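The next block holds one structure in the form of structure tokens; read it before the comments.
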Amino acid sequence: MPLAKLSWVNESVDRGPDPLFRAPIRQLTNSSQLSWGIYCEQIYASTDGRRIAFLRRDPAHPKRQDLWAGDLESFEIARVGPSASGLIASTPLMDSVYYVRPEGSSGQVLVRFNLRTLELDDVFAFTDCPVPGTPAVSSDERWFASNKHLHDNVLGLYRVDLKASRWEFFHEEKDIYNTHLQFEPSEGRDLLVQQNRGLVIDAQGRWVKLAGDEGGQLYVVDIDGKNQRFLPLGPPHTGHVDGHQCWIGRTKRVLAAVENSLVQGGQAIVRPGDAKAQIIMPGLTCVHVSASSDGRFMVGNQGGPERYVYFGSLETGKFVHLCESPCSRSGGHETWDEPYMTPGNRHVIFNSERTGHAELYVAAIPEHVMAYVTAGAPALG
């Protein structure tokens, strides 16, 4: 496979230790363009934790954006190429990210970019196949999946066999507008699907919430469209599903943000088939959550006035305000913190507007913080 032709530059700024727990902060990008880390539910990083993928957009051209790569050893960044979508597919257990590249005046092509080898190749052309909305890819890189509105409030999930280069619909369900679609990483057979009950699509293609909105719920379905299993999340099992969740490494469990849960605050952990979810970290209710690739830790951010990145252990339930993350939360993903951890658990990637402009940041996790959340040692050493 051909290597990407990359021109690496260094824009980074050392922001010193954060005042909360002395986490070293590096501003990775520094440009008139808007930069952000794509989305925190999937991990856009090489499995050795060295390189990450992110998106940039010129505010003067809001419909154009580019995929970029960042190196966390040199703190250099490089443009990979134009991206036709703001959501990109990956998993915590793979080195590749999959994005859609515009082709000519109206065509679009699925591209694989390997963050470790820097190989770049086209893998599928969207001719008669629907252009992906919420994309997902299996860790073995066999299946690519997304969703398409079919009729009324019914949507279909379709799969692309990347080995055979063919596609087909395999599952239909009502109210799966904003699927947050994710493959279970270890086997790549199950897909996590978000269902937003009580929404309809208006004539302009917008989601409209009905007065009788029932809130969100989550289910799992296999790649053949069978064995649909709803998770015990949302009323009456827990507080409302916030709409942000992820698989926890290879554990086949799901981490989900739920509102006003069985205790005041907390995140839910559940395995498909469980009758009841486990609620951890009482007192902390995150909006966006992300689990580490080894399944031991989580990071997240809240939706209220506080502007912090939270870091905690899924094994002990202890957490800290890792660092400040000033952001307006006024619109797109670039205005939200949306943190995730790189493999190896050394760095947290997050968005912030601390300079008044959307940039991408890297926080190194101090040893004393890691010791505190895992074993209860004093957080300040």
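Among the residues of region 305-348, write down those that are polar (S, T, N, Q), surrounded by 19 or more Cβ atoms within 10 Å (Cβ to Cβ) and farther than 25 Å from Leu87 by Cβ. Steps first, please.
Here is the first cut: in region 305-348, the ones polar (S, T, N, Q) are 313, 316, 325, 328, 330, 335, 342, 345.
Add one more test, that the residue is surrounded by 19 or more Cβ atoms within 10 Å (Cβ to Cβ), and what stays is 313, 325, 342.
Within region 305-348, just Ser313 meets the criteria.
Pairs only if they're at least six apart or on different chains, beta carbon under 7 angstrom, first in region 232-251 and hydroxyl-bearing (Ser, Thr, Tyr), second in a loop (DSSP other than H, G, I, E, B); list them, first residue then second.
Partner pairs satisfying both residue conditions: Thr238/Ser261; Thr238/Leu262; Thr238/Ala277; Thr251/Gly295.
When residues of region 113-129 are filtered for being part of a loop (DSSP other than H, G, I, E, B) and surrounded by 15 or more Cβ atoms within 10 Å (Cβ to Cβ), how many remain?
We begin by selecting, within region 113-129, every residue part of a loop (DSSP other than H, G, I, E, B); these are 115-118, 126-129.
Restricting the remaining residues to those that are surrounded by 15 or more Cβ atoms within 10 Å (Cβ to Cβ) gives 115, 118, 126, 129.
Within region 113-129, residues that are part of a loop (DSSP other than H, G, I, E, B) and surrounded by 15 or more Cβ atoms within 10 Å (Cβ to Cβ) number 4.
Can you confirm whether Gln204 is touching a Gly at 6+ places or on another chain (Cβ under 9 Å), modelled with pLDDT under 95 and closer than 30 Å to Tyr158 by Cα? First the steps, then the outcome.
Values: touching a Gly at 6+ places or on another chain (Cβ under 9 Å): no; modelled with pLDDT under 95: yes; closer than 30 Å to Tyr158 by Cα: yes.
So Gln204 fails the test.
Given the condition at pLDDT 90 or above, closer than 25 Å to Gln42 by Cβ and under 17 Å from the mean Cα position of the chain (by Cα), answer yes or no: does some residue in region 310-319 qualify?
Checked against the condition, which is being at pLDDT 90 or above, closer than 25 Å to Gln42 by Cβ and under 17 Å from the mean Cα position of the chain (by Cα), region 310-319 yields at least one hit.
With (1) of a type outside the set (Val, Ile, Thr); (2) surrounded by fewer than 21 Cβ atoms within 10 Å (Cβ to Cβ); (3) in contact with a strand residue (DSSP E or B) (Cβ under 9 Å, 6 or more places away or on another chain); (4) closer than 30 Å to Gly16 by Cβ as the list, and Cys286 as the residue in question, which single condition is left unmet?
Cys286 satisfies all of (1) of a type outside the set (Val, Ile, Thr); (2) surrounded by fewer than 21 Cβ atoms within 10 Å (Cβ to Cβ); (3) in contact with a strand residue (DSSP E or B) (Cβ under 9 Å, 6 or more places away or on another chain); (4) closer than 30 Å to Gly16 by Cβ except (2).
Among the strands (runs of 3 or more DSSP E) lying completely within region 1-112, list those that include at least 1 residues that are buried (at least 21 other Cβ atoms within 10 Å of the Cβ) and modelled with pLDDT of 95 or more. Lay out the reasoning, then the answer.
Numbers: elements: 13-17, 24-27, 34-36, 51-57, 65-71, 77-83, 96-103.
Ranges flagged: 24-27, 34-36, 51-57, 65-71, 77-83, 96-103.
When you scan region 234-265, how many residues do you find that are modelled with pLDDT of 90 or more, out of contact with any Ser or Thr (no Cβ under 9 Å at 6 or more places or on another chain) and part of a loop (DSSP other than H, G, I, E, B)?
Number of matching residues: 1.
Would you check which residues across region 148-172 are part of a strand (DSSP E or B), touching a strand residue (DSSP E or B) at 6+ places or on another chain (Cβ under 8 Å) and at pLDDT below 95 and list them? Quick ask: steps written out before the conclusion?
Of all residues in region 148-172, those part of a strand (DSSP E or B) come to 148-151, 154-161, 166-172.
When the remaining residues are screened for being touching a strand residue (DSSP E or B) at 6+ places or on another chain (Cβ under 8 Å), the result is 148-150, 154-161, 166-172.
Within region 148-172, Lys148, His149, Leu150, Val154, Leu155 meet the criteria.
For region 167-178, what are the residues that are surrounded by fewer than 24 Cβ atoms within 10 Å (Cβ to Cβ) and without any contact (Cβ under 8 Å) to a residue 60 or more places away in the chain? Break it down into steps so the answer makes sense when it comes.
Taking region 167-178 first, the residues surrounded by fewer than 24 Cβ atoms within 10 Å (Cβ to Cβ) are 167-175, 177-178.
Of everything in region 167-178, those that are surrounded by fewer than 24 Cβ atoms within 10 Å (Cβ to Cβ) and without any contact (Cβ under 8 Å) to a residue 60 or more places away in the chain turn out to be Trp167, Glu168, Phe169, Phe170, His171, Glu172, Glu173, Lys174, Asp175, Tyr177.
Being surrounded by 15 or more Cβ atoms within 10 Å (Cβ to Cβ) and more than 24 Å from Gln27 (Cβ to Cβ): is that true of Gln302 here? Spell out how you get there, then give the answer.
Working: surrounded by 15 or more Cβ atoms within 10 Å (Cβ to Cβ): yes; more than 24 Å from Gln27 (Cβ to Cβ): no.
Taking the combined requirement at face value, the residue does not satisfy it.
The values are calculated or read from the model by the stated rules, or taken from the named source; none is laboratory data. Only a predicted model underlies this, so the values are computations on that prediction, with no experimental measurement involved. Neighbour counts are summed over all protein chains in view; Cβ atoms, including those assigned to glycine, are modelled from backbone coordinates with ideal geometry.
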